[in-house]
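Just so it is clear, none of the values below were taken in a lab; they were calculated from the coordinates. None of the values given here were measured: they were computed from a predicted structure. Methodologically, a virtual Cβ is constructed for each residue, glycine included, from the backbone with ideal geometry; neighbour enumeration extends over all protein chains shown.
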Amino acid sequence: MPEQAPRAHAPRHPLHALRLGARRLDAATPASRDRAVDALRALAILGVVLGHWLVTALVAQDGALHTESPLGHQSWLTPVSWLFQTLAVFFLVGGHVATRSLATAQTRGDSYGHWLRARMARLLRPVTALLALWTVTAAALLLGGTPLATVHSLVKLALSPLWFLLVFAALTAATPLVARLNPLWPLAVVLHVDLLRFGLHVGPSWLGWTNLAAGWLVPYTLGAAWARGELRSRRSARALLFGGTAATVLLVGCAGYPASMVGVPGAAVSNLNPPTLAAVTFGLAQCGLALSLRDRLRRAAARPLVWAAVALVNLSAMTVFLWHQTAMMAATATGLVAGRLPGLHTAPDSLLWVAYRLAWLPVFAVALALCLAAFRHRERGPRRTRRGSSRVVHRHLPPSKSPRHA
């Protein structure tokens, strides 16, 4: 009898393929890479995204959409802002990464201009797609008769992440000047600005916006100090954690600062716009907690599946940050076809709203995944040639792995 042809391999189970891909990614990662840094960045981005999705409500009323916050109706939700307002951790990681990157570039002999262009390209490239889409969307809504109040609310939410990106870009550009700056100096600026604003009630109306740079410069310079090896001990992490926590409690309890670490519509004072001293001391506590978790995060990220998830978030960090509000609004607008849905278009004034909003989070995540599929290439930039890519793969893959399987 003639020999039977060999059977084709049965398709792998999706979970097996996922684990295999995660192991390959784990093997391709250089041993020198500090995975705790990537894990902290991923946690910071996801914290901001979940925080916005939980405390931002678009309420359909009088034929228009208005922005409201459950924090304005339910004060017991204030701890949510403590958990998900993680921008200080992102600036901490940003200062650490930029300082190390600049030092590496200088060692290679690269100029500051070359280094800065490479850093800015990754930050600012995804912005063009966001601005283009919302320019067309806003014009179409206005021409279609959408109320101006609705268009204003939508555009404001969609473009709100840009303030963070502009500050982060400015601090990145100033890295050579601030890399060795003691964090106490920008902290002193924030302290004096708040003393003039809230203590003496003097100074111009724009004075508080000085804290927009000074406030976020504090965790950024902490990240630079971390890159220099000055915050490696557990003692320094605990000092930041407990010192920042104690200062924040005193400022909120005795000095009248708001307890919420995000802005609440209608509130007289916001801890975030511009950053107040309470927001900065809270950020110090967050940085201390982040630094104290480094060893645990390294051990967790050593697992291939965990590392694959961390790497995926980091590869699309700016796209996730820029488009998460748009994803939420797209889901909200699509839901209007079915009428006013609880947790999506209703006032955030009850515990039931919170339960419904939690149920909507997977829908927002799917909408964000669609945005990632459409716009992630803007962050990665033009594809490299096959020859250039293989050099990178050959460099990081063990000899037993072939580039084709990377």
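Please give the charge dipole size of the chain, origin at the Cα centre, charges +1 on K and R Cβ atoms and -1 on D and E Cβ atoms. Round to the nearest 20 debye.
2320
Can you tell me the FRET efficiency between S75 and L250 if r is taken as the Cβ-Cβ distance and R0 is 30 Å, rounded to the nearest 0.05?
FRET efficiency, S75 to L250: 0.90.
Return a whole-number percent for the relative contact order of region 33-405, with Cα pairs under 8 Å and 6 or more residues apart as the contact set.
Across region 33-405, relative contact order equals 27 percent.
What are the ³J(HN,Hα) values, in whole Hz, obtained from phi via the Karplus relation 6.51 cos²θ - 1.76 cosθ + 1.60 with θ = phi - 60°, for each residue of region 38-43 in sequence order, with x given for Gly and Pro?
After applying 6.51 cos²θ - 1.76 cosθ + 1.60, I find 5, 5, 5, 5, 5, 5 Hz.
With label points built 7 Å along Cα→Cβ from the Cα atoms of A188 and T104, find their separation and express it in nm.
That separation, rounded to one decimal, is 3.4 nm.
Taking the Cα-to-Cβ direction at L148 and at R33 and moving 7 Å from each Cα, how far apart do the two end points lie in nm?
In this crude label model, L148 to R33 measures out at 5.0 nm.
Could you tell me what % of all Cα pairs in region 72-123 have separations over 18 Å?
52
Hey, fewest Cβ within 10 Å first, where do T210, T135 land in order?
Lowest count first: T135, T210.
Let me know the whole percent of all Cα-Cα pairs from region 271-329 that are separated by more than 18 Å.
62
May I ask you to evaluate 6.51 cos²θ - 1.76 cosθ + 1.60, the Karplus curve with θ = phi - 60°, for each residue of region 48-64 and list the ³J(HN,Hα) values in order in whole Hz, giving x for glycine and proline?
5, 4, 5, x, 5, 5, 8, 10, 10, 10, 9, 9, 7, 8, 6, x, 9
No solvent, one uniform scatterer per C-alpha: report log10 I(q)/I(0) for the chain via the Debye equation at q = 0.06, 0.08, 0.14 1/Å, two decimals.
The Cα Debye sum returns log10 ratios of -0.28, -0.50, -1.42.
Given only helices, namely DSSP H runs of n ≥ 4 each adding -39500 (n - 2.57), what is the per-residue ellipticity at 222 nm of the chain, to the nearest 500 deg cm²/dmol?
-22500 deg cm²/dmol
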